Amino acid sequence: MTPTAIDYQIMWNRLIAVVEEQATTLIRTAFSTSVREAGDLSAGLFDRQGRMMAQAVTGTPGHVNAMAESVTHFVREIGAQNIFEGDVFITNDPWLGTGHLHDITVVSPSFRNGQHIGFFACTAHVVDIGGRGFGPDGNEVYEEGLLIPIMKFAERGEVARDLIRLVRANVREPDQVVGDMYSLAACNEAGDRRLQAMMGEFGIDDLQGLSDFIIDSSRKATREAIAKVPNGTFRHSMQVDGYDVPVQMVVRLDVEGDHLRADFDGTSGMSRFGVNVPEVYTRAYACYGLKCAIAPQVPNNTGSLEPFEITAPEGCILAAKRPAPVSVRHVLGHLVPDVVLGALHQALPGTVPAEGASALWNIQISARPSDPDSGLPNREVLMFNSGGTGARPQFDGLSATAFPSGVSTMSVEATEHVGPITIWRKDLRAGSGGAGALRGGLGQIIEIEPREGYDFYFNAMFDRVENPARGRDGGSSGAPGRVELADGTPLRSKGRQQVKNGKRLKLSLPGGGGYGAPANRDRASVEDDLKTGLITPEQAKADYGYEG
Amino acid sequence: MAIPKTRVGVDIGGTFTDVALAHPGGLSTCKVLTNYTQPEQAILDGITIAAEKAGIALAEIGQVIHGTTLVTNALIERRGARLAFITTEGFRDVIEMRSENRFEQYDLNLTLPVPLVSREDRFTLKERMGPNGEVLLPLDPVEVQTMVQRVLDGGYDAVAIGLMHSYANDAHEVQMAEALRAAVPDLSISISSVISPQMRELPRFNTVIANAYVQPQVADYLGRLVARLQEAGVSAPVFMLHSGGGLISVDVAAEQPVRLLESGPAGGAIFAADFARGHGLDSVLSFDMGGTTAKICLIEGAEPKTANTFEVARTYRFKKGSGMTVSTPVVEMVEIGAGGGSIASIDSLGRIQVGPRSAASEPGPACYGRGGTEPTVTDANLLLGRLDPENFAGGAIPLSPDASDKAVADRLAAKLDIGVSDAAFGVTEMVDENMANAARVHTVENGRDIEHFTMIGFGGGAPLHACRLCEKLGIRELIIPPGAGVGSAIGFLKAPFSYEATRGLFQRVESFDAEAVNAALKELEAEAAAFVNAGANGEATTTRLTAFMRYSGQGWEIPVPLPYKTFVDADRTQILEAFEAAYRTLFGRVIDGLGVEVTNWSLVVASVLPETTPVVRHDSGTVVTPLRTRQFYDAARRQAVDAVEVDRKDMTPGRAVDGPAIIVEAETTTIVTSAYRAVGQGDGSLRLTAKGDTQ
């Protein structure tokens, strides 16, 4: 039976369900908190050439788009002649995978009737990878943990026991990390079972026709969307905190017909600390931001990603060279959409939001007994927290909501069962949204205290403390972030610090920028913000000229 | 107390109020239009009609069982009480900050659902409990009095109280509630440690707020209903079907209306469970398809699968995360925006998309001729010969194939440059794919293999689509019960009295504290038994215990059935084994070297259902005489096939028809594809099996 266009549409629809099932399997079996709670994973199907055909919609665009590139690296490194039925490949190479050592990517070739037809791939953030632990303080990638080059996790169904032993000997939570490696492999198998059933149902023996159909129609739709963007060259820059010195992110966007190029020439050089970003991750987030604004409905696959040509000169902080430290590459990575959208705004006014807090304020807390002889256990706690998003041309920004990341926060009650901390406060930060005709989203305030018998350490990796999210078209900046003790003692926004028993850590997360002149905000909205306490009476007067 | 012989089930849905009256002479059913301003009027009308049909007096009715979408609708339509929410200082915005994520990854103009209680009506108390119920910051009585005054000054209709870790220690919530009650005796007050005593502040706060929001109106409605029934001569007690699939008294329902959220759909799952029991089927997937949505539920051992949280009032294309997560015991159902009225369109990539937008009943599908111009699933079914234009709804609604043809031709076929029947095929295949994919993912999430399930299909749309769905899912047996149009109301009559009491009590298995657990379970049992005995006085009951458990560090618990007994510390081994068995079922393996913990406990007390007589099942039968031969489009064969049309009345026990066949009745049409055959069963249902299995 030769498939018709309708058959291809139905199969495409099915493939999206297949990769969702692949992702669901991973979410349900993974150990990593960030995978299960926050959807920090990706899963997808690729054709024989390594072109991505379908991908599950999960919490992290950074993974998604980076993984799309990685399969071609596997094909190149392993060599087509060395790909056998029952093989499973693995890597956590930040430059070939998804940007830091904590992300393990597993690729499983798929066979039908003895013929190699494609690959399933998936990526997850593991709880530990050895080295210094998750944080920006390393000066070379070697300090950040174990690097697994592209290699076989299993050959013809036989697991590489030496690799497992090596991993076990190098990480703090060997059961969980090795367990996650198996979970990754198992989720690819789950995807393959469904794919095989579908191919049987539709009577096809290879994926070529379907892959061409998906990729060609997605490319065509994306190119058509790009063609609607006016031609021109659009430049934009944004200064962010970085680690110890401010970072300039500079982009040049060239649009010509249905072609779009973004290049980050002019961006600051690399940092000595782990905030550097491998180019693959920069590309992932730049592409994500542009796609949201230009072609949001086109599903993610090679056809919809390829038309966005994104480059950064090697050696800048957004295209870090080996052996740069890259552990917390997400901080600057999450800020990339703001800078590309700023450039796109010149081409498409009235489409993109103002800048937002953007980088997550993730905090890893290591609770340690104040008295080492007390016999109390060490505990680790991870929290994901978000500031405000930028105001949109027609809507206010979203308060305490992740963008561009799509992760979720965890319950405070559940977190307090995990470790000996009390979270005294986690609520909206009044007045932190940038003023504008449309107001920026509010940040939040979090106060955390070690419980009796404990102190804690935390790894700060927070941006937009020195450089707040800027407004657009006359909108004001959102409030900058603050890191301090509740008694007012200032703390650093990057690096490992201690909070002693009896003290409270206070995090004030940044707000999003406003859109349009505050004077143009309608009175009812100002009154509503006042009534609900999202802005103060002083702000109402100073920013909006509201006298009541 | 024996179950009365004459009982009536009433389901108020969005369009129709369904009545099913069981009496010594059989079952009498009817449908009347839902009355939005006075729902109780439609109930009275319906009961009166059904009683007349059955030839019995209203006074003979011994029990009224009611389920309603009233609570869900009040939440969706934001028609509720003016409400104050009192919470712990520092946590005023929990319900507004939600999970801090976006449920739609690529939409820059996403808007989030507005919280039920606006920020200015959310007040905080200086107080704090720790995770184990220890008081970290005591509640000052002066602070309590100030709060009472604020609530008074605000003139609220209802108050919800939700404090941090109150599932572990309710003292501060109770203290606040008592002070309010002392000051305003008739104020509606809901507290989270009663309504939803489970760990995780967001769902618990949502739940107590939803309860308070609808409580005054539900209490008022139920009061009117009971009074009107009595005036009309129905003096029987009224019971409500709760979302967990059991019955509670009308008084409990008026106090805890949030338990009624999914009561209508839960009735459908019980309806299917009853057929599963009769047919002796262990693994069943119920499939309920109406005009706007389809619902899927796993039924194992004749028990619908339940969960302790779910999402209500989704605001964005039925998308996970776009609604409000509440924690209350519920029959777990997957809802998809797929029904007969679902609208088909072409997206920017030239692909056919179906739903979740629906033409509903007004204007309805194009073929209804009521002004609808967009092509729907019903239009596609008509064009593919699966519906008879002369005989839809027993001939009550004449369908216009020309209108369907025009809608599909203009809106779909022309844009894709394909024929009308290819486009119509694309529409039904796409909607069937969507439903099949949802069913598959749901079974995977539960660690089950869908091929081993039997499907039970009901609701107006299911008999048209179920056989094709089975083909897609590899399901080889399908039951289409009779009376499928009023399935939920019939299901109400099959429900046990039951109450699920839950409690957050954190336990690490390695340091299992039997004494603490026993004390908590005793309270749960007393609580649940009291509610059940209010209805099932004297009937035998069973008690089922479930612990929600996980490996330390994991974020989600799995339900683990445990024996209900007095535990000793040494039972930790048994508990661990039970956890590992459940974990293995779901995930295929267990993990060594990790601690295991319990977060929440749930205890269900339920009345024992009467023994059912097994249905006489027929594998094959004598071939029934067809009414005529006509064509329909068989999706698996990609072509129109000559099918026999038979009257469902002729499909008596032991009468059979081979697919391709069309079985017609007034309420719906059952399509038997070429790969299946249908046999009438002892209970009036149709049993469809894959041909290879029964030849």
Exposure proxy ranking, count of Cβ atoms within 10 Å, fewest first, for A:LEU26, B:LEU139 = B:LEU139, A:LEU26
For B:LYS649, go through the lysines and keep the ones whose alpha-carbon is under 25 Å away, minus same-chain ones fewer than eight residues off.
-> B:LYS31, B:LYS53, B:LYS494, B:LYS691
Neighbour cut-off at most 14 other Cβ (10 Å), DSSP loop, GluC sites (Glu not before Pro), segment B:368-433 = B:GLU390
Summing -39500 (n - 2.57) over every DSSP H run of at least 4 in the protein assembly as shown, dividing by its residue total and rounding to the nearest 500, the 222 nm mean residue ellipticity is -9500 deg cm²/dmol
Simple SL model, points at 7 angstrom along Cα→Cβ for B:GLU390 and B:ALA59; separation in nm is 5.0
Highest first, please rank the peptides A:405-412, A:488-495 by the mean number of other Cβ atoms sitting within 10 Å of their residues.
-> A:405-412, A:488-495
Taking neighbour counts of Cβ atoms within 10 Å as a proxy for exposure, in what order, fewest first, do B:TYR213, A:TYR182 appear?
-> A:TYR182, B:TYR213
Highest first, please rank the peptides A:39-49, B:29-39 by the mean number of other Cβ atoms sitting within 10 Å of their residues.
-> A:39-49, B:29-39
Give me D for the protein assembly as shown in µm² s⁻¹, whole number, from Stokes-Einstein with Rh from the Kirkwood sum over alpha-carbon pairs, 4 °C and 1.567 mPa s.
-> 41
For segment A:300-305, Karplus couplings with θ = phi - 60° (6.51, -1.76, 1.60), whole Hz, Gly/Pro x | 6, 6, 4, x, 8, 8
Under unit Cβ charges (Lys, Arg +1; Asp, Glu -1), what dipole magnitude, rounded to 20 debye, does segment A:27-73 have relative to its Cα centre?
-> 140
Distant-in-sequence amide H partners of B:PHE239 (H built 1.01 Å from N, under 5 Å) = B:VAL64, B:ILE65, B:HIS66
Charge dipole of segment A:1-118 built from unit charges on the beta carbon (Lys, Arg +1; Asp, Glu -1), centred at mean Cα; most positive-end Cα among A:ASN13, A:THR29, A:ALA80 is A:ASN13
Say R0 is 22 Å: what FRET efficiency, to the nearest 0.05, do A:GLU201 and B:THR585 get from their beta-carbon distance?
-> 0.20
In whole Hz, the Karplus estimates of ³J(HN,Hα) for segment B:41-49 (6.51, -1.76, 1.60; θ = phi - 60°; x where Gly or Pro) are 5, 5, 4, 4, 4, x, 5, 4, 4
Taking only Cα atoms, what is the 0 to 90° angle, nearest 10, from helix B:572-587's long axis to the longest principal axis of chain B?
-> 30
Kindly identify chain A as rounded, prolate or oblate by the Cα gyration tensor criterion: order the square roots of the eigenvalues as a ≥ b ≥ c, call it rounded if a/c is under 1.5, otherwise compare a/b with b/c, prolate if a/b is larger, else oblate.
-> oblate
Would you check chain A for Lys pairs whose C-alpha atoms are within less than 21 Å, ignoring same-chain pairs closer than 8 in sequence, and give me the count?
-> 11
Residues whose modelled amide H sits under 5 Å from the amide H of A:ALA319, counting only those 5 or more places away in sequence or on another chain, are A:VAL277
Hey, got a sec? Which GluC sites (Glu not before Pro) in segment A:125-200 land in a DSSP loop and have at most 11 other Cβ atoms within 10 Å?
-> none
What is the diffusion coefficient of segment A:167-208 in µm²/s, taking the Kirkwood radius over Cα pairs and the Stokes-Einstein relation at 20 °C with a viscosity of 1.002 mPa s?
-> 173
To the nearest 0.05, what FRET efficiency results for B:ASP220 and B:LYS5 with a Förster distance of 30 Å applied to their C-beta separation?
-> 0.40
For a footprinting-style exposure proxy, rank B:SER358, B:SER190 by other Cβ within 10 Å, fewest first.
-> B:SER358, B:SER190
Using R₀ = 30 Å, calculate the FRET efficiency as 1/(1 + (r/R₀)^6) where r is the Cβ-Cβ separation of B:LEU136 and A:ASN378; round to 0.05.
-> 0.85
To the nearest 20 debye, what charge dipole does segment B:1-88 have about its Cα centre, counting +1 at the Cβ of each Lys and Arg and -1 at the Cβ of each Asp and Glu?
-> 200
Once both label points are put 7 Å beyond Cα along the C-beta direction, the B:ALA516-A:ARG496 separation in nm becomes 3.2
Relative contact order (%) - chain B, alpha-carbon pairs under 8 angstrom, separation at least six | 11
Inter-label distance for B:ARG228 and A:ASP528, nm, one decimal - labels placed 7 Å from Cα along Cα-to-Cβ | 3.6
Mean other chain Cβ within 10 Å across A:400-406 is 5
Once phi for every residue in segment A:250-260 is put through the Karplus expression 6.51 cos²θ - 1.76 cosθ + 1.60 (θ = phi - 60°), the whole-Hz ³J(HN,Hα) values, with Gly and Pro written as x, are 10, 9, 10, 10, 10, 10, 9, x, 9, 10, 9
Among A:PHE119, A:PHE134, A:VAL107, whose Cα lies farthest out toward the positive end of the dipole of segment A:28-136, if unit charges sit on the beta carbon of Lys, Arg (+1) and Asp, Glu (-1)?
-> A:PHE119
Spatial extent of segment B:555-695: Rg and Dmax, with the Cα atoms as the point set, Å | 24.7, 71
Among A:GLN444, B:THR68, B:THR541 - extreme Cα towards positive end, dipole of the protein assembly as shown, charges at beta-carbon | A:GLN444
Relative contact order for segment A:224-280, counting Cα pairs under 8 Å that sit 6 or more residues apart, in percent | 31
So how strong a dipole does segment B:137-215 carry about its Cα centre when Lys and Arg Cβ are +1 and Asp and Glu Cβ are -1, to the nearest 20 debye?
-> 220
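Every number in this text was worked out from the coordinates using simple rules, so none of it is lab data. As the structure is a computational prediction, the values presented were derived from the model and not from experiment. Neighbour counts run over all protein chains shown; Cβ positions are idealised from the backbone, glycine included.
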